[in-house]
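The values are calculated or read from the model by the stated rules, or taken from the named source; none is laboratory data. Note that the structure is a prediction, hence the values are computed from the model and not measured. So basically every Cβ, Gly included, is an ideal-geometry build from the backbone, and we count neighbours across all protein chains shown.
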Amino acid sequence: MPRSAHRRPAAGRLRGARGLAGWLFVLPALAFYAVFVLRPIALTLQYSLYDWDGIGPSTWVGAANYGKVFTDPDLFDSLVNAFKLIVFFSAIPVVLGLAIAATIRRIAASRLALVARTVLFLPQVIPLVAAGIAWSWLLASTGVINQLLSLVGLGGVTRAWLGDFATALPAVGMIGAWVLLGLCTLLLLAGMSKIDPALYEAARLDGAGPWREFVSITVPSLRQEIAVCVTVTVIAALASFDIIYIATQGGPGNTTMVPGLQIFYLAFSEREVGTASALAVVLMVLVIACALPIQWFAKDGNK
């Protein structure tokens, strides 16, 4: 019998042993993920089909809780508010992050660039609860923001920014933009460091100015980084909770109510666990529906 015939089973057994060893290494992480991620999701799906107060017996209601999510004005408006926050949590940090990262890249050799990176990243290391409290003080009717406006002669526009029905949601959105701006800037700056300098030199030889370089070279080269920034910030907007709970608790009225906060109130204050679970499932689906197209867009751009 040829030697190759003996080698094939041995090679197959070796590959099988290596595959088994790989699964054994992954098994603890898979078990952890199944217990703390997949199981809660499955339980949430189960609870969403029942009318349950979290303590007593439950009653099967089928898809009635999902119907309530889309027909109850308070629940539906919380979803609308979350999508409105995407403008502040995602569009503003990404656009400003691109501009700031491009500016820092041009002065990369100076100390100012290091200071700018440090200052911009500070919100990422500050607990969101502390950030919410600090901004609540700043945006209060007697806060620093209103005092500065009064000093420059704009006392007529001062107000309790987080307590006014017209400005509460934009004010919360600006807090979110401030928190996420540093992350987007550093991610985009890291992406810019990978762009070949020869591309910029060639563009300058062709007579391109800074704006043309930015539009034709920088932005197309940052497709992956922009996709990551948009994905992270969109998810942060849809799943927002910390800042809003500390700053407004969903008020005034329900003008800053978002799904995460609504789920908390429904489950722990109003004892409507089934409705809270249905809203959580709807929120999860919306997050996936928003994130997947962004990822597909980024992948298509690299083909």
Exercise. Out of curiosity, is SER277 surrounded by 22 or more Cβ atoms within 10 Å (Cβ to Cβ), part of a helix (DSSP H, G or I) and touching a residue at least 40 places away in the same chain (Cβ under 8 Å)?
Worked result: yes
For this session: Can you tell me which residue among LEU85, LEU49, LEU96 is aliphatic (A, V, I, L, M) and outside the structural domain of VAL285 (by TED's automatic domain parsing)?
Result: LEU49
Problem set entry | Hey, THR248 assigned by TED's automatic domain parsing to the domain that holds ALA168 and either surrounded by fewer than 19 Cβ atoms within 10 Å (Cβ to Cβ) or over 16 Å from the mean Cα position of the chain (by Cα) (or both) or not | yes
Problem set entry | Wholly within region 69-127, helices (runs of 4 or more DSSP H) carrying at least 2 residues that are at pLDDT below 90 and among the basic types (Lys, Arg) | 92-106, 111-125
Seminar exercise, completed: Wholly inside region 128-221, helices (runs of 4 or more DSSP H) that include 2 or more residues that are in contact (Cβ under 8 Å) with a residue 60 or more places away in the chain, surrounded by 12 or more Cβ atoms within 10 Å (Cβ to Cβ) and not aromatic (Phe, Trp, Tyr) are 128-138, 168-192
Problem set entry | Failed item in (1) assigned by TED's automatic domain parsing to the domain that holds THR218; (2) in contact (Cβ under 8 Å) with a residue 12 or more places away in the chain, with SER58 passing the rest | (1)
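The rows are residues; the columns are (1) more than 15 Å from LEU79 (Cα to Cα); (2) part of a helix (DSSP H, G or I); (3) at pLDDT 95 or above; (4) small (Gly, Ala, Ser).
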residue	(1), (2), (3), (4)
ILE244	no, yes, no, no
GLY250	no, no, no, yes
ASN254	no, no, no, no
VAL282	no, yes, yes, no
ALA291	yes, yes, no, yes
GLN295	yes, yes, no, no
ALA298	yes, yes, no, yes
Exercise. From VAL228, VAL232, VAL285, which residue is more than 14 Å from the chain's Cα centre (by Cα) and among the β-branched types (Val, Ile, Thr)?
Worked result: VAL285
